[in-house]
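J.: To start, I am sharing the structure in question, which I have written as structure tokens.
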Amino acid sequence: MKVRFAAPSRPAVSAVSAVRRSIRTGWLRTGLVACFAHIGAKRPPRAFAAWLLPLLPLLPVQAATPPVGYRIDSSQSQAVFGVRLLWLHEISGRFRHIDGAVLAGPGNDSVVVRANIAVDSVTMDSSRMRRWVLAPEFFDAANYPFIRFVSDPLPLATLQQGGPLPGRLSLRGVTAPMSFTLHPMHCTNAMAPRCRISLSGAIQRADFGMIAHRATLADRVELNLAISLRPVT
């Protein structure tokens, strides 16, 4: 007696193709959802299971709890700078627009902080002083509209508990090493979850070509950032 085995139905073959694509891309869940939706079944049929089982050892192993990414909420974030005039009076300003993200880094449980500050979003008590800090001898906003910071990869625990935050700061077309102090992250458990981090540090004006008025204006510029984060997947 000859025993004949029925060939897998076309929906099952299409499902297997979807699983193979999911294996190549590493997104098993996406592949499974696509397969089950295609065959219109809540459970995989026996034919599908027979094709899937030999492929299970090939599936990539993914971390159970990968680090969560965050986007900077520009409407709730700001950066403040201050520089001494005649070593007695402080000139200060506030940048109202910061965007960027905190994303998964290259290693396990590591993150990278990226922040972009729009220079022309600065506000100051004096409109004359605001025009001066936007001028070529200071921030030169017309030619360099953004201040950018990209951190070195840091452990996720440092983001949560605080610590040094080294990286590179780009200002006036110059990129130089910069290290902030990162203060512990605070998160809320409200229906719209939000986390806040604060960074403090200082730069030397001369390192970025701001050498005007060195006799009356201090070289050291203090930077303090208060950043609101929204989690994203």
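J.: Would you please give the FRET efficiency between ARG168 and SER92, computed as 1/(1 + (r/R0)^6) with r the Cβ-Cβ distance and R0 = 30 Å, to the nearest 0.05?
T.: 0.75
J.: Using 1/(1 + (r/R0)^6) with R0 = 25 angstrom and r between the beta carbons of ILE211 and THR181, what's the FRET efficiency to the nearest 0.05?
T.: 0.40
J.: Separate question: Measure off 7 Å from each Cα along the Cα-to-Cβ vector at ASP219 and GLU137, then give the distance between these two points in nanometres to one decimal.
T.: 1.9
J.: For the stretch 161-221, compute the orientation-averaged projected area of the C-alpha convex hull (one quarter of its surface), in nm².
T.: 5.7
J.: In Å, what is the Rg of the alpha-carbon atoms in the stretch 69-231, and how long is Dmax?
T.: 16.2, 53
J.: Further, regarding this structure: Using amide H atoms built in the peptide plane, which far-off residues or other-chain residues are under 5 Å from MET178 H to H?
T.: GLY167, ARG168, LEU169
J.: Over what distance in Å are the Cα centres of the stretch 95-117 and the stretch 204-233 separated?
T.: Spelled out, the Cα-based centre of one part sits 18 Å from the other.
J.: Now for a different question. Near the amide H of ASP73, under 5 Å away, which other amide H atoms are found, from residues 5 or more places off or on another chain, if H is placed in the peptide plane?
T.: Under 5 Å from the amide H of ASP73 lie the amide H atoms of SER228, LEU229, ARG230, each far enough along the sequence or on another chain.
J.: Can you give me the long-range amide H partners of SER110? Hydrogens built in the peptide plane at 1.01 Å from N, cutoff under 5 Å, separation of 5 or more residues or another chain.
T.: GLY105, LEU156
J.: For VAL80 and ASP109, what is the calculated FRET efficiency with R₀ set at 45 Å and r taken between the beta-carbons, to the nearest 0.05?
T.: Using R0 = 45 Å, I get an efficiency of 0.90.
Every number here is computed from the coordinates shown, using simple stated rules; none is lab data. In this text the structure is predicted, and so the values were computed from the model without any measurement. Please note: Cβ atoms are built from the backbone with ideal geometry, for glycine as well, and neighbour counts cover all protein chains shown.
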